[in-house]
Ligand SMILES: Cc1ncc(COP(=O)(O)O)c(C=O)c1O
């Protein structure tokens, strides 16, 4: 799927192909920046406020001072969809780096951050959402600040590639056996009617969809326990599922070649998927 023709660069709109960056750009050379991926359904953002809030938390954490306010970013992101006449299911990728400057680890002085955003079409992955996916487990070798949506994604990239090479959709990451999250999604285990997931601390990205999953669970009076679970617990799970802006709520039916529950998406996962569709105002799954 190609990028829509109008992109946002700094606070201006321009043609996609006219954006160019110098070699000495801190996002490019150091991964010195942060990003967001925001879901769009039928031309409308889903959870935009949550994403913009997280963007600013990430910026603050790495000491990038963006002069543009939250309100202005929100206005610009909405304009980006309007200017592209975007009416479909899609996503926006937005990135902020510390800027363009001669290569030096130390922050440059008086250099404005580089900001850009573009829109792409992204149909819902109904096959995986309906039927579920397989995963592998892998050691989480990332740093201690995974709550920052940093451009440094090498461990995530390698984990996801390993999953792909093993014919799987995602890699479930663990630290000393305690499951944190997946390479690009949050992960949850269901046992005896309760949902378990890693606490939202520095070891995971606080997913915008995760926040909704918690709310749906509370609304449905399903206990949502931020106690975490271990790799060993996975084999005894009734259900397992993951969440992200692009994967929505996706059932996991197999992990490390072991069947989860009865090998089919479970009832609590289905209830949460239904709540998600209602919340995002999208059509129901045909299950
Ligand atoms: C490592 C990681 N965890 C969790 C998520 C889910 O976050 P969200 O629900 O905000 O898309 C992502 C999304 O890209 C991610 O990269």
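Choose one answer from 233, 89, 104: the residue with the largest mean-square fluctuation in a GNM of the chain with alpha-carbon springs under 10 Å. Of 233, 89, 104, the most mobile in the Gaussian network model is 104. Put in line by how crowded their Cβ is, counting other Cβ atoms within 10 Å and starting with the fewest, 88, 221 read 221, 88.
Ordering 283, 175, 203 from the fewest to the most neighbouring beta carbons within 10 Å gives 283, 175, 203.
Show log10 I(q)/I(0) for segment 156-245 at q = 0.15, 0.17 Å⁻¹, two decimals, from a solvent-free Debye sum over equal Cα scatterers. Summing over Cα pairs of segment 156-245 leads to -0.54, -0.70. With neighbours defined as other Cβ atoms within 10 Å of a residue's Cβ, the residues 282, 129 order from fewest to most as 282, 129. Among 68, 135, 250, the residue with the largest mean-square fluctuation in a Gaussian network model of the chain, with springs joining Cα atoms closer than 10 Å, is 68. On C-alpha positions alone, give me the angle between the axis of helix 154-165 and the longest principal axis of the chain, in degrees, nearest 10. Result, in degrees: 50. Is the shape of segment 1-92 rounded, prolate or oblate, going by the alpha carbon gyration tensor and its root eigenvalues a ≥ b ≥ c, with a/c under 1.5 for rounded and a/b larger than b/c for prolate? In terms of gyration-tensor shape, oblate. If both residues of a DSSP beta bridge must be in the chain, then about 80% of such bridges are antiparallel. To the nearest ten degrees, helix 70-83 and the longest principal axis of the Cα atoms of the chain are 90 degrees apart.
Nearest-5 percent of antiparallel DSSP beta bridges in segment 126-279? Walk me through the intermediate numbers first.
Details: 19 of 29 bridges.
Looking only at bridges with both residues in segment 126-279, the antiparallel portion is about 65 percent.
Based on the alpha-carbon gyration tensor of segment 108-155 and its eigenvalue square roots a ≥ b ≥ c, which shape applies: rounded if a/c is under 1.5, prolate if not and a/b is larger than b/c, or oblate? Verdict is oblate for segment 108-155. Computed per residue of the chain from DSSP H runs no shorter than four, each worth -39500 (n - 2.57), the mean residue ellipticity at 222 nm is -8000 deg cm²/dmol. Please state the shape class of segment 87-195: rounded when a/c is under 1.5, otherwise prolate if a/b exceeds b/c and oblate if not, all from the C-alpha gyration tensor. Note, shape of segment 87-195 comes out oblate. Note on the chain: with a GNM built from Cα contacts shorter than 10 Å, the maximum mean-square fluctuation among 155, 102, 112 falls on 102.
Just so you know, all these numbers are worked out from the coordinates, no wet-lab data involved. Small disclaimer: the values here were computed from a predicted structure and weren't measured. Positions of Cβ are backbone-derived with ideal geometry, glycine not excepted, and every protein chain shown enters the neighbour counts.
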